[in-house]
Amino acid sequence: MADDELIARLRSIFGEELGEQVQELNEHLLALEREPGGAAPLGGVFRVMHTLKGAARAAGVLQIESLCHLLESDLARARDAATPLGGAAIALLFEAADALADARERLASGTSLDSGPIDVVLEHARGRGDVAPRPSGAARAIPLAPTPAPTPTPTLAQTPAPAITPVSNAVQPPAAAEVSRDELVRVGLHHVDAISNAAGEVSSLATVLGERADDLGNLRQRVRAQRERPEHRDDGSLAEIDREITRLLRRAGDDARTLSSISGRLTGTARRLRQRSLRELTETLPRVVRDVARDVGKLAQLIVSGEQVEADRIVVEALREPLLQLVRNAVDHGLETGAERLAAGKPEQGTIGISVTLRGDRLRVAIEDDGRGLDLTAIRRALAQRGRAVPADRAALQHAIFDEGLSTRTTTTTLSGRGVGLGIVRVAVERVGGTVEVSSVAGKSTTFVLEVPLSIATLRAVTVVVDGALFAIPSAFVSRVDRIQARRIARVDGRAMLTTGGAPVPVTTLAALLGPPFAEPAVDDSLQIVTVELGGRQLALVVDDLRDERELVLRPLEHGGDAATAMTVGTALLGDGDVVLVLGVAVLLGDDSPRPTLAMPSQDRFDPGSRRVLVVDDSMTSRTLEQSVLAAAGYDVVTAVDGLEGWRVIERDDIALVISDVEMPHLDGIGLCERIRASERTASLPVILVTSLDQPEQRARGLEAGADAYVTKSGFDQDILLDTVRRLLGAPRGAAR
């Protein structure tokens, strides 16, 4: 190997080792900060510096070698002089840890270390340029506070204090767990993906071979049926064919079972290769808590449990940014200052807890702080200032903090106020098919719960057909699969809604969401619908055909373009060789922006020869407004002041459509709708309910009573009203269609 190639290889290995050592360094530094005179953490920091010095020398990274040499020498003097470290000395070590982390990133990207943080810390460590051993006189220990800017950062050996138990000069041998690393082999992620893809192909082949065995079994049955015919009972050739098929069938069955067993072992191995411990995420968070708490002047501790749980590496990586954001937010937003906590009867130091647990094939990560809880008043104010709807429901209001761009902070700092953090959390979690929920108790706590699949390499999915193409929707997010009559589709404020009990669910075609070149299916009397749900949001998707539910082995989508990659989470190969695209439910549900609605054809369901519309409303203003809008559009309009009078008009006149308020005396709109549906003569009479009370439960009541559409007065739009009337009744005679 050429010298340049060797150096590049050594630096690559050193970069990987550097990342591990920096994490270990941070752990020792956090312990050392809690116990400046502690022999164990001081010895741990010393060992890291000694190890990195030798590794950097071998890789030819001179700046890191020089820095580690200086710090190692000063640590040795502090250790031998039994000198506990002061705040400025520990701050220098934390600064060095950050510089080493930056150096790792620079080495990985091929960027020079010159003029970077390493050089800055190196100058700090050199002090006056004197790194020779100094007398261990009784110098004053530096207090736990940052050094004022004009004063040079002291070297570690300048912080002696009362004696502590000396630590041996010898470098301690690595722990048993570290020795076992010699048995590990580093494998590139692309190799792991290749193994996973191969496992998927073998699994598909095992399925195909099983189907071929079934084909042979069917062929044998046909041959035996022929042998039973009188003219073929003595045909020896058919008997020979029967025996040969039986032999092939037995071998094919054996081969299918063997391949299935191999496939299972290979898939299991591939899954284990893809797994990573959650500790990879949580091990950096104590340092994050420490740094943020110091920045905002608070006291905080982090307690982690269950971090030994393993999950797919893609899932683990997807959780990295959400965990970081939530922990930072817990310190910055959630915890009170020490004085506020003491005044509230709490310990001065706040606590943030992270617990990782398994629930079946789902990973649950809970992040809880014992702080002030969510400020619901500030959330309402922030939503109103941005012109967004303010939910009346407490849970929905709390969940609004995940909206993109929402921040309750009135000023922007380096930590918060830009309104992107929690939006990133929701997007990142949903991208891997997960959910995020939040709950809060005022003055006591806030808890975020992230639930994600353990693996996205395999999943169960419902397969559907759209315009001749095959798609899969992860079963974990499918709440219903229905075949319904088109008349069960109602309209709420101009949008098609599915009424199947409970709150109405928006309806659209999957083809409309996918966009060109997929053509929407013709809407007829019977619709096949898959309802998906994620994070409390639901959407009913009309598809051309429902196939089945099956276990799929996911493969990454290559060369699909940005749009396809955004819409899907991968592909899968079916047993018959067909490729299916696996859709991302989070993208299908999207954000709060309008989605395509289901285009239903206009209906003439109740036409006794007139186009007379009855408007029922106890408010003269609302009644007059609706009458004017409809009359201007060419409809013949009559009115009633309440549901009881409206029913008398329906019994007496030829009414083609009813538009009724909900809240009315004597007989409300829902009661009127129920009475219309109960009568054989008027059962098919279209009914539109109009109300100022826009609550989901009220919508559900009205639609369950048989209303065809729902329009809210708060967002009254005459175009929506007219469009709804035209769809249900058709255009008035003489009007342009």
If I ask for residues that are touching a Cys at 6+ places or on another chain (Cβ under 8 Å) and at pLDDT below 85, which ones from the range 30-51 would you list?
50
Could you tell me whether residue 27 is at pLDDT 85 or above, in a helix (DSSP H, G or I) and open to solvent by 40 Å² or more (accessible area, probe 1.4 Å)?
yes
Need a quick list: strands (runs of 3 or more DSSP E) entirely within the range 285-359 having at least 3 residues that are over 23 Å from residue 444 (Cβ atoms).
310-312
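Results for (1) in contact with an Asp or Glu (Cβ under 8 Å, 6 or more places away or on another chain); (2) at pLDDT below 75; (3) open to solvent by 30 Å² or more (accessible area, probe 1.4 Å), shown as yes or no for each residue.
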| position | (1), (2), (3) |
| --- | --- |
| 474 | no, no, no |
| 484 | no, no, no |
| 507 | no, no, no |
| 529 | yes, no, no |
| 533 | no, no, yes |
| 537 | no, no, yes |
Somewhere in the range 1-11, is a residue hydrophobic (A, V, I, L, M, F, W, C), open to solvent by less than 40 Å² (accessible area, probe 1.4 Å) and in a helix (DSSP H, G or I)?
no
Looking only at the range 611-644, count how many residues are β-branched (Val, Ile, Thr), buried (at least 18 other Cβ atoms within 10 Å of the Cβ) and free of Cβ contacts under 8 Å to residues at least 60 places away in the same chain.
4
Screening 594, 601, 556, 608 for residues that are surrounded by fewer than 15 Cβ atoms within 10 Å (Cβ to Cβ) and either at pLDDT 85 or above or closer than 29 Å to residue 449 by Cβ (or both) leaves only 556
When the residues of the range 305-315 are narrowed to those that are open to solvent by less than 40 Å² (accessible area, probe 1.4 Å) and touching a Ser or Thr at 6+ places or on another chain (Cβ under 8 Å), which ends up farthest from residue 371 (Cα to Cα)?
312
Would you say residue 63 is assigned to a helix (DSSP H, G or I) and under 21 Å from residue 285 (Cα atoms)?
no
Filter the range 364-383 down to the residues that are out of contact with any Gly (no Cβ under 8 Å at 6 or more places or on another chain) and not in a helix (DSSP H, G or I), then identify the one that is least open to solvent (accessible area, probe 1.4 Å).
365
Under the condition of being open to solvent by 20 Å² or more (accessible area, probe 1.4 Å) and either under 21 Å from residue 647 (Cα atoms) or of a type in the set (A, V, I, L, M, F, W, C) (or both), which residue from the range 686-705 is modelled with the lowest pLDDT?
693
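How many of the residues making up the range 671-685 are outside any helix (DSSP H, G or I) and within 16 Å of residue 728 (Cα to Cα)?
Residues meeting the conditions: 4.
Among what's in the range 462-488 and is polar (S, T, N, Q) and within 20 Å of the chain's Cα centre (by Cα), pick the residue that is farthest from residue 541 (Cα to Cα).
475
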Criterion violated by residue 357 - all others in (1) more than 22 Å from the chain's Cα centre (by Cα); (2) open to solvent by 20 Å² or more (accessible area, probe 1.4 Å) satisfied
(1)
Filtering the range 269-280 down to residues that are part of a helix (DSSP H, G or I), at pLDDT below 85 and under 25 Å from the mean Cα position of the chain (by Cα) yields 270, 271, 272, 273, 274, 280
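Name the one entry in 378, 344 that is at pLDDT 85 or above, farther than 30 Å from residue 452 by Cβ and out of contact with any strand residue (DSSP E or B) (no Cβ under 6 Å at 6 or more places or on another chain).
Values: 378 fails: farther than 30 Å from residue 452 by Cβ.
None of the other options fit; the residue is 344.
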For the range 1-45: of the residues being in contact (Cβ under 8 Å) with a residue 60 or more places away in the chain and touching a His at 6+ places or on another chain (Cβ under 9 Å), which is farthest from residue 86 (Cα to Cα)?
43
Search result, residues across the range 456-472 that are touching a helix residue (DSSP H, G or I) at 6+ places or on another chain (Cβ under 8 Å), of a type outside the set (Val, Ile, Thr) and crowded, with 20+ Cβ neighbours inside 10 Å:
457, 459, 461, 471
Any residue in the range 54-65 that is in contact (Cβ under 8 Å) with a residue 40 or more places away in the chain and within 14 Å of residue 121 (Cβ to Cβ) sitting within a Cβ distance under 9 Å of a residue that is of a type in the set (Asp, Glu) and outside any helix (DSSP H, G or I)? List the pairs, counting only those 6 or more apart or interchain.
63/114
If the Cβ limit is 9 Å and pairs must be 6+ apart or interchain, which residue in the range 651-670 that is within 13 Å of residue 614 (Cβ to Cβ) and part of a helix (DSSP H, G or I) pairs with which residue that is open to solvent by less than 10 Å² (accessible area, probe 1.4 Å) and of a type in the set (S, T, N, Q)?
651/682; 669/660; 669/691
Please determine whether any residue of the range 105-124 is over 22 Å from residue 18 (Cβ atoms), modelled with pLDDT under 90 and over 41 Å from the mean Cα position of the chain (by Cα).
no
If we keep only residues of the range 70-99 that are of a type in the set (D, E, K, R) and either at pLDDT below 80 or not in a helix (DSSP H, G or I) (or both), then the residue least open to solvent (accessible area, probe 1.4 Å) is 79
Exactly one condition in (1) aliphatic (A, V, I, L, M); (2) closer than 21 Å to residue 452 by Cα; (3) in contact with a helix residue (DSSP H, G or I) (Cβ under 6 Å, 6 or more places away or on another chain) is not met by residue 300; state its number.
(2)
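The values are calculated or read from the model by the stated rules, or taken from the named source; none is laboratory data. Just so you know, these numbers come straight off a predicted model, no measurement behind them. Heads up, the Cβs are rebuilt from the backbone with ideal geometry, glycines too, and the neighbour counts pull from every protein chain shown. Each accessible area value is taken on the protein alone, full model and side chains, heavy atoms only, with ligands, DNA and RNA left out. Shrake-Rupley method; radii C 1.70, N 1.55, O 1.52, S 1.80 Å.
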